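Chemist: Quick one: structure below, then a few questions.
The values are calculated or read from the model by the stated rules, or taken from the named source; none is laboratory data. A quick note: this is a predicted structure, and the numbers were derived from the prediction, not measured. All Cβ positions, glycine included, derive from the backbone under ideal geometry; neighbour counts span all protein chains shown.
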């Protein structure tokens, strides 16, 4: 059932279109703006590269969150999910929807990150460490985003509200993701502790986010 639901959600995300290309373009805009603000010095850009990639990926990941439940609400599928929640575990359904959103909308950002890292003059070690932390940390954005999207689904213009709700909660993910990236580059700093905390945050939010989203979905249907 889970695999069938995941295939359905991925198919819906692909048919909706626009999310991944718009996110990648926004990510590129963030990366391209940084040299204008801090100057074109290659050493400076390379040094701040992991933080720039993380901030760009985080902001771009917020773009499509408001559409996570919007289509289901418009075609009545959200009401069916609430009714069927007596037979199916609603948080699991939300988890699969968030995972599909990450695969269709956020994973392309992670794939594009090494290319943007080259634009910032980052070396192979910096790019590899940042890519690994993005893979481990960005799913947390989708899981928390599911709760924000569910809370704002009944509002006509809830896109900005979703970002406002989600951004403060995912700041620890940003902090430990950047810390782990820099720790891998600086030889005396241990990489494993911040990376394990990052993974733990993702696992924690993978449980809390869908559960909170399921509660918000039930509340929106009342």
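Chemist: Six or more apart or on different chains, Cβ under 6 Å: which pairs go from a residue in segment 209-221 that's over 13 Å from residue 70 (Cα atoms) to one that's buried (at least 23 other Cβ atoms within 10 Å of the Cβ) and modelled with pLDDT under 85? Could you list them?
Modeler: These pairs meet every condition: 213/150; 216/150.
Chemist: What helices (runs of 4 or more DSSP H) lie completely within segment 1-84 and have 1 or more residues being within 20 Å of the chain's Cα centre (by Cα) and either modelled with pLDDT of 90 or more or closer than 19 Å to residue 142 by Cα (or both)? Talk me through it step by step, then tell me what you get.
Modeler: Details: elements: 2-16, 19-38, 42-61, 70-74, 77-84.
Where helices (runs of 4 or more DSSP H) fall fully within segment 1-84 and carry at least 1 residues being within 20 Å of the chain's Cα centre (by Cα) and either modelled with pLDDT of 90 or more or closer than 19 Å to residue 142 by Cα (or both), they are 2-16, 19-38, 42-61, 70-74.
Chemist: I'd like to know if segment 120-128 contains one or more residues that are within 30 Å of residue 70 (Cα to Cα) and touching a residue at least 40 places away in the same chain (Cβ under 8 Å).
Modeler: Of the residues in segment 120-128, the ones within 30 Å of residue 70 (Cα to Cα) are none.
No.
Chemist: Then there is this: Search segment 155-171 for residues that are at pLDDT below 85 and pair each with any residue that is surrounded by fewer than 17 Cβ atoms within 10 Å (Cβ to Cβ) and not in a helix (DSSP H, G or I) when their beta-carbon atoms are under 7 Å apart and the residues are at least 6 apart or on different chains.
Modeler: 161/155
Chemist: Can you name the residue in segment 186-200 that is touching a residue at least 60 places away in the same chain (Cβ under 8 Å) and buried (at least 20 other Cβ atoms within 10 Å of the Cβ) and, of all such residues, is nearest to residue 62 (Cα to Cα)?
Modeler: Quick first cut of segment 186-200, residues touching a residue at least 60 places away in the same chain (Cβ under 8 Å) only: 191, 195, 198-199.
If we keep only those that are buried (at least 20 other Cβ atoms within 10 Å of the Cβ) as well, we get 195, 198.
Details: 195: 22, 198: 19 Å.
Once the filter is applied, the top-ranked residue is 198.
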